[in-house]
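Student: This structure is in structure tokens; I'll ask about it shortly.
The values are calculated or read from the model by the stated rules, or taken from the named source; none is laboratory data. These numbers come from a predicted model, not from an experiment. Every residue, glycine among them, receives a Cβ derived from its backbone with ideal geometry; neighbour counts consider all protein chains shown. Accessible surface areas use protein heavy atoms only, side chains included; no ligands, DNA or RNA. Shrake-Rupley method; radii C 1.70, N 1.55, O 1.52, S 1.80 Å.
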Amino acid sequence: MGYKVVVAGATGNVGREMLNILAEREFPVDEIAVLASRRSLGTEVSFGDKTLKTQDLDTFDFTGWDIALFAVGSGPTKEYAPKAAKAGCVVIDNSSLYRYDPDVPLVVPEVNPEAVEGYAKKNIIANPNCSTAQMVVALKPLHDRAKIKRVVVSTYQSVSGGGKDAMDELWNQTKAVYNPTEEVEPKKFTKQIAFNVIPHIDVFMEDGSTKEEWKMVAETKKIVDTKIKVTATCVRVPVFVGHAEAINLEFEEFLDEDEARDILREAPGIMVVDKREDGGYITPVECVGDFATFISRIRQDSTIENGLNLWCVSDNLRKGAALNAVQIAETLGKRCLKKG
């Protein structure tokens, strides 16, 4: 006996990827419903070898459904997630709405799988921010060995994190550079994204950091350890899919780069590709469509007593969003719901 699964926001980048991953990983689905807003009503989406028509999120009855994967943004989530949860359907939410709620588990299954057991307080589980998800997968096994004191991270985040309109803007601006008769003004971004980098993701906060940077700090503390100090600079780059991060770690104890490499090789969800030669590392283009979080450029930081540097790359539509949500559903099934 499998699960009755709902995917809300099924026509967006992340929603479509959720359907792909549910099929790829052969999640035990007895019945599936795909939901969208009224403007996308009736749009067809693929699930394995099936084609499904979207239903109206506004009128859908969640009674009798087991799990709902939400990829609709904070506004609609605020309206519809409590309705689903009240009807007995466990919501796994990809928006930022519930991530900082103390009664809602924030889960990366390779890092804190036991946290799913707290789902029953609100019948909701939160999926972390894409840039946080891949980073904590790398941090956890190292933290277990040598206790991380401080993280300094600079991100190189692809435009797909901003949705389809952001991807279109990069594409259209890139074409316009080669065709001077066209001009594509920034709409999704604050400045030209083609052939440029923008040190600004989400809104600015009072201390000068952006909301994206704040998310990485708050979520790392909630998922891994409240004592870890984190400082982040989040940058949008002209890449379609795949986030990269340069991470500097300071530990309480000395951790040799070779031991760190061995630890990461054995850790769940991680693929180490770290050769000190031309091309002996992973870039965003190579990670697209893959489940793994890739780690390269592991090396000692000689400027501090117990320091390491590493390079972390992952498909943000997968591990940063859809894959992690499906992995949460798998973990919830095994630990709590016990069907399938």
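Student: Looking at 119, 98, 80 in this structure, which one is on the phi < 0 side of the Ramachandran plot, crowded, with 19+ Cβ neighbours inside 10 Å, modelled with pLDDT of 95 or more and under 17 Å from the mean Cα position of the chain (by Cα)? Please lay out each step first, then the result.
Tutor: Working: 119 fails: under 17 Å from the mean Cα position of the chain (by Cα); 80 fails: under 17 Å from the mean Cα position of the chain (by Cα).
From the options 119, 98, 80, the qualifying one is 98.
Student: Which residues, counting only those in region 17-56, are surrounded by fewer than 18 Cβ atoms within 10 Å (Cβ to Cβ), among the aliphatic types (A, V, I, L, M) and in a helix (DSSP H, G or I)?
Tutor: Answer for region 17-56, where residues must be surrounded by fewer than 18 Cβ atoms within 10 Å (Cβ to Cβ), among the aliphatic types (A, V, I, L, M) and in a helix (DSSP H, G or I): just 23.
Student: I've got another one for you. With (1) open to solvent by 30 Å² or more (accessible area, probe 1.4 Å); (2) without any contact (Cβ under 8 Å) to a residue 40 or more places away in the chain; (3) closer than 26 Å to residue 291 by Cβ as the list, and residue 4 as the residue in question, which single condition is left unmet?
Tutor: (2)
Student: Ok, one more. Going through region 292-340 one residue at a time, which ones are in contact with a Phe, Trp or Tyr (Cβ under 7 Å, 6 or more places away or on another chain) and of a type in the set (Phe, Trp, Tyr)?
Tutor: Hit for region 292-340 is 311, nothing else.
Student: Taking residue 35 as meeting all but one of (1) under 23 Å from the mean Cα position of the chain (by Cα); (2) touching a residue at least 40 places away in the same chain (Cβ under 8 Å), write down the number of the exception.
Tutor: (2)
Student: Mind telling me which of the residues 246, 292, 321 ends up being at pLDDT 95 or above, open to solvent by less than 30 Å² (accessible area, probe 1.4 Å) and among the aliphatic types (A, V, I, L, M)? Walk me through it before giving the result.
Tutor: Numbers: 246 fails: open to solvent by less than 30 Å² (accessible area, probe 1.4 Å); 321 fails: at pLDDT 95 or above.
Unique residue meeting the criteria: 292.
Student: May I ask you to list the residues in region 295-318 that are open to solvent by 30 Å² or more (accessible area, probe 1.4 Å) and among the aliphatic types (A, V, I, L, M)?
Tutor: The answer is 304, and nothing else.
Student: Could you tell me how many of the residues in region 249-286 are open to solvent by less than 80 Å² (accessible area, probe 1.4 Å) and of a type in the set (Phe, Trp, Tyr)?
Tutor: Of the residues in that region, 1 qualify.
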